[in-house]
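Asker: Please read through the structure below; I'll follow up with questions.
The values are calculated or read from the model by the stated rules, or taken from the named source; none is laboratory data. Every value quoted in this text rests on a predicted model; they were computed, and no experiment measured them. Quick reminder, even Gly has a Cβ in these numbers, built from the backbone with ideal geometry, and neighbours come from all protein chains shown.
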Amino acid sequence: MWPRGRPRDDWAPGWLDVAIAFPLTVFAQAELVVIHRSAPLSVVLSLLITGALLWRSRAPVLVALVVVGAFGIQAPLMDPAPQVMANGLAVLVAVYAAFALAGPKAAAPLLLVGVLSFAVFEADQATEPALVGDVVATGAVAAVGGVGWGRRHQIDSQLAAFGAQLRSADSRAEEAVAEERRRIARELHDVVSHAVTVVVLQARGGRSMLTRDPEQTRAALDAIELSGQEALVEMRRLVTLLREPMPDTAPQPRMSDLGALVAEAAASGAHVDVAFHGDVVVLSPGIELTAYRLAQEALTNALSHAPGTPVQIEVGYGPSSLTLSVCNPVGDAVQVEGGGYGLLGMRERVELYGGALEYGHNAGVWTVRGTLPYAAPLAARGVSPVTAPLSLPTP
């Protein structure tokens, strides 16, 4: 009903409570002493009525109980003189605060106190218009306070629900990124496994030709060195993900499979055009896989969120980086459904290779554009260079 065990500072009156209680106290005392020349008990009760408002916002129900009870005791002491106007205003302020700040349920004891005060001290004045007016005014103020509390409670509930939605969206975004990291780890496992397998096969072949064909042996050693370097690079990327690999026996797609991806989309009725710019560069398996996945995710989004619109895929081989963009017309009010978690995952994948991903709509065209450097800056992603020993994370 009212707070208990609060720190002392929490009970300090607020500035608004002081601004309300101080003038009411001054006016009430002036009226009692100067005009009515009331007895000391009435003066003390009046001080209690108006002074209690100092804690109106700290303990609204307790303050209202004190104010209403003291007013009910003071009322017969003033008879036949009229009631003190400032004290009546204090009652209305206290009742409103109780219903507006604590709610109708918590403020219900006020009804009991009001009925008891009326029955004990003012039953013989039940038909007087002034008393009836006081009761009606108090009830109206209580009703307004209750409505205010209901509106405030509704706003608080809406804010709490909105906060929960934001937390849920953040959680889903984090899970989407984590899922994409797990997927990257599985795919990198296959890339590394392939490179290590090549190393093993070349080593076997080189040993058998060691004395018979030195040139082929040298070529085999060169291939072993290249494959080993690629395996170390990809392994270090995998280690930075801090995910245990889960092997997948399915072959990983490459940029050469982009035509099959477009053909599959065309078979479903989509109109997809692909354009290549620049001289084709031989990419590392990890970058090829990332570029393919980016095209796949962007194409899937285009077909899902803007069905029936033409899609343009452009692949540009630049001097030092690969650029892949996917564009499709959309309305000006387009929204990325599902929170764009697939694109969040793709950003994680692209940044793992030192690239950048940007997406958005402009002039009615939605564009997803990713840039992947041919030589990914490993240090930017916390991956040690290939000359350093590989250290696996401890369980």
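Asker: Which of the residues spanning the range 275-293 are within 21 Å of Arg349 (Cβ to Cβ) and in contact with a strand residue (DSSP E or B) (Cβ under 8 Å, 6 or more places away or on another chain)?
Answerer: Val281, Leu283, Ile287, Thr290, Ala291
For every residue, the table says whether it meets (1) in contact with a Cys (Cβ under 7 Å, 6 or more places away or on another chain); (2) at pLDDT 70 or above; (3) surrounded by fewer than 23 Cβ atoms within 10 Å (Cβ to Cβ); (4) over 21 Å from Gly14 (Cβ atoms).
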site: Ile73; (1), (2), (3), (4): no, yes, yes, yes
site: Pro80; (1), (2), (3), (4): no, no, yes, yes
site: Ala90; (1), (2), (3), (4): no, yes, no, no
site: Pro109; (1), (2), (3), (4): no, no, yes, yes
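Asker: Would you say Phe118 is at pLDDT below 70, out of contact with any strand residue (DSSP E or B) (no Cβ under 8 Å at 6 or more places or on another chain) and assigned by TED's automatic domain parsing to the domain that holds Ser42?
Answerer: When the stated conditions are applied, Phe118 passes them.
Asker: Could I ask something else about it? Report whether or not Ala140 is among the small types (Gly, Ala, Ser), over 17 Å from Ala28 (Cβ atoms), modelled with pLDDT of 65 or more and under 49 Å from the mean Cα position of the chain (by Cα). Quick ask: steps written out before the conclusion?
Answerer: Numbers: among the small types (Gly, Ala, Ser): yes; over 17 Å from Ala28 (Cβ atoms): yes; modelled with pLDDT of 65 or more: no; under 49 Å from the mean Cα position of the chain (by Cα): yes.
It is false that Ala140 is among the small types (Gly, Ala, Ser), over 17 Å from Ala28 (Cβ atoms), modelled with pLDDT of 65 or more and under 49 Å from the mean Cα position of the chain (by Cα).
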